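The values are calculated or read from the model by the stated rules, or taken from the named source; none is laboratory data. This structure is a prediction, so every number in the text was calculated from the model and none was measured. Reconstructed Cβ throughout: ideal geometry from the backbone, glycine too, with neighbour counts over all protein chains shown. Just the protein is used for accessible areas: all its heavy atoms, side chains included, with ligands, DNA and RNA removed. Shrake-Rupley method; radii C 1.70, N 1.55, O 1.52, S 1.80 Å.
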Amino acid sequence: MGMTMSQKILAYHAGLDSVSAGQLIEAKLDLVLGNDITTPVALNEFEKCGANSVFDREKIALVMDHFTPNKDIKAATQCKQVRAFAGKYDIKNYFDVGEMGIEHALLPEKGLVGPGSLVIGADSHTCTYGALGAFSTGVGSTDMAAGMITGKAWFKAPSAIKFTLTGKPSPWVSGKDVILHIIGMIGVDGALYKSMEFAGDGLQYLNIDDRLCIANMAIEAGAKNGIFPVDDVTREYCRGRFQGVPVEFSADEDAEYDQEYVIDLSALRPTVSYPHLPENTKTIDEAEKDRVKIDQAVIGSCTNGRITDLRAAASVLKGRHVAKGVRCIIFPGTQQIYLQAMREGLFEIFVEAGAVVSTPTCGPCLGGHMGILAQGERAVSTTNRNFVGRMGHVESEVYLASPAVAAASAVTGYIAGPEQLD
């Protein structure tokens, strides 16, 4: 029996000719990732086991992005602990204020992940890098500590679900709409511990930012990882950027899948996920009938804080103004994206529209800082989760949507698509 793309990457890093679903393997890692919340826990475990070295100072990435710039004394203390560790072991890829970005936007941009990479990260959205043909998945802080020490991790090779994407999406349909549609279709546990593998001629219409968004939210369907085949879009993005040696893998023709779905992108509509699970989806046509009033719009995050996301928001906000009583917060994914958006004049559009632009941070997404919701408030957000209390009070509500829908909603004051503004 043939192997899926994910199984091939795992076999390669385990030094095996093949692996099958459910097989336990030990594999060599290309990168171990941690942030300012998860790394301190890993460092405590690192010290408990008496470790006094890391497996490779260039294959560990520590990104201070969740509560930075530090929101309180505890956050400052956590970053200080990580900063000291990075200094002690001369960690090459340590990113703090001024250099940091949202980790899952920053690592691809810096060329730390690429085709064929095997990556673990103490953050559930580490699965983002599958957009580049890598096998990447989130782990606990203890596994992160073990990875930093040994450069290895244990995996159970996942079975897979194949999603064949066909057709060309309409102008306002983005990668966010594709993944929300899929999660709405299969549910938040529809791909539990499985690999979500994407294929089909529709991929040519999904840019790298769309793919990063889709892979990012594979975990919201319970998946172990999401992964795209390496094509010209991938190669163009990684050319001159990826610091490693790209290794391209493709699924065998006789690879076995638990399920297979065919999705016609031309039939999709902008999609909104209602509280309190990403699977609670409605098309924008259905959502507009509900006239859901919002208090806040958030555009950014590791899901939708890239340059094409900001351009989409700007195209909607240009010449318009945020509705009275609505707070619109925009945070680019990295410093480089921040600079590019500024140079393109996007910030001027945002500020003139009554929005605010933040430093790159995960803050609003997890209810950490810079956009917390009060009791009874509603937000439309381009982030990846809308669980109870995710962005603030347990009696607040989060509606997930694309940057275009979030921007249009900020203008109207209720959940609406950009077509509503024409």
Among what's in segment 350-388 and is open to solvent by 30 Å² or more (accessible area, probe 1.4 Å) and β-branched (V, I, T), pick the residue that is farthest from the chain's Cα centre (by Cα). V351
For segment 389-400, how many residues are over 20 Å from H181 (Cα atoms), open to solvent by less than 20 Å² (accessible area, probe 1.4 Å) and either of a type in the set (A, V, I, L, M) or not in a loop (DSSP other than H, G, I, E, B) (or both)? 1
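Filter segment 200-247 down to the residues that are in a helix (DSSP H, G or I), open to solvent by less than 40 Å² (accessible area, probe 1.4 Å) and not hydrophobic (A, V, I, L, M, F, W, C), then identify the one that is farthest from I183 (Cα to Cα). Before you say what the answer is, go through the steps one by one.
Residues of segment 200-247 in a helix (DSSP H, G or I): 201-205, 208-221, 232-238.
When the remaining residues are screened for being open to solvent by less than 40 Å² (accessible area, probe 1.4 Å), the result is 202-203, 208-218, 220-221, 234, 238.
Narrowing further to those that are not hydrophobic (A, V, I, L, M, F, W, C): 202, 209-211, 216, 220, 234.
Numbers: G202: 18, D209: 19, D210: 15, R211: 15, N216: 12, E220: 7, T234: 24 Å.
The qualifying residue farthest from I183 (Cα to Cα) is T234.
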Flagged in segment 1-36 as in contact (Cβ under 8 Å) with a residue 60 or more places away in the chain, of a type outside the set (S, T, Y), open to solvent by 30 Å² or more (accessible area, probe 1.4 Å) and not in a helix (DSSP H, G or I), in numbering order, are M1, A21, G22, Q23, L24, E26, K28, D30
Within segment 47-56, how many residues turn out to be modelled with pLDDT under 95 and either open to solvent by less than 70 Å² (accessible area, probe 1.4 Å) or touching a strand residue (DSSP E or B) at 6+ places or on another chain (Cβ under 7 Å) (or both)? 2
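Quick one: count up the residues across segment 63-104 that are of a type in the set (V, I, T) and under 13 Å from T39 (Cβ atoms).
5
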Checking T142 against (1) within 19 Å of the chain's Cα centre (by Cα); (2) farther than 25 Å from E253 by Cβ, the condition it does not meet: (1)
Close pairs from segment 283-295: first more than 25 Å from M185 (Cβ to Cβ), partner in a strand (DSSP E or B) and not hydrophobic (A, V, I, L, M, F, W, C), Cβ under 7 Å, at least 6 apart: R291/Y414; K293/R378; K293/Y414; I294/R378; I294/Y414; D295/R327; D295/R378
Checking N52 against (1) in a helix (DSSP H, G or I); (2) closer than 28 Å to H66 by Cβ, which single condition isn't satisfied? (1)
Just the residues that are in a loop (DSSP other than H, G, I, E, B) and of a type outside the set (A, V, I, L, M, F, W, C), please, taken from segment 169-199. P169, S170, P171, S174, G187, D189, G190, Y193, K194
Can you list residue pairs whose Cβ atoms sit under 8 Å apart, with the first residue in segment 401-420 being under 14 Å from K318 (Cα atoms) and surrounded by 24 or more Cβ atoms within 10 Å (Cβ to Cβ) and the second being aliphatic (A, V, I, L, M) and modelled with pLDDT under 95? Count only pairs 6 or more apart in sequence or on different chains. A408/L421
Given the criterion touching an Asp or Glu at 6+ places or on another chain (Cβ under 7 Å), within 30 Å of G240 (Cβ to Cβ) and at pLDDT 95 or above, identify the matching residue among S136, S117. S117
Could you count how many residues in segment 7-37 are touching a strand residue (DSSP E or B) at 6+ places or on another chain (Cβ under 8 Å) and under 21 Å from C79 (Cα atoms)? 6
Counting only residues in segment 154-188 that are surrounded by fewer than 24 Cβ atoms within 10 Å (Cβ to Cβ) and polar (S, T, N, Q), the one nearest to T137 (Cα to Cα) is identified as S159
Looking only at segment 364-382, which residues are at pLDDT 95 or above, in a loop (DSSP other than H, G, I, E, B) and not acidic (D, E)? A374, Q375, G376, T382
Need at least 2 residues that are crowded, with 23+ Cβ neighbours inside 10 Å and touching a residue at least 40 places away in the same chain (Cβ under 8 Å) per element, so show me which strands (runs of 3 or more DSSP E) inside segment 67-143 make the cut, counting only ones lying wholly within it. 118-121, 135-138
Filtered residues of segment 364-386 (kept if in contact (Cβ under 8 Å) with a residue 40 or more places away in the chain and out of contact with any strand residue (DSSP E or B) (no Cβ under 8 Å at 6 or more places or on another chain)): L366, G368, H369
Only unsatisfied item for E348, checking (1) touching a helix residue (DSSP H, G or I) at 6+ places or on another chain (Cβ under 8 Å); (2) at pLDDT 95 or above, is (1)
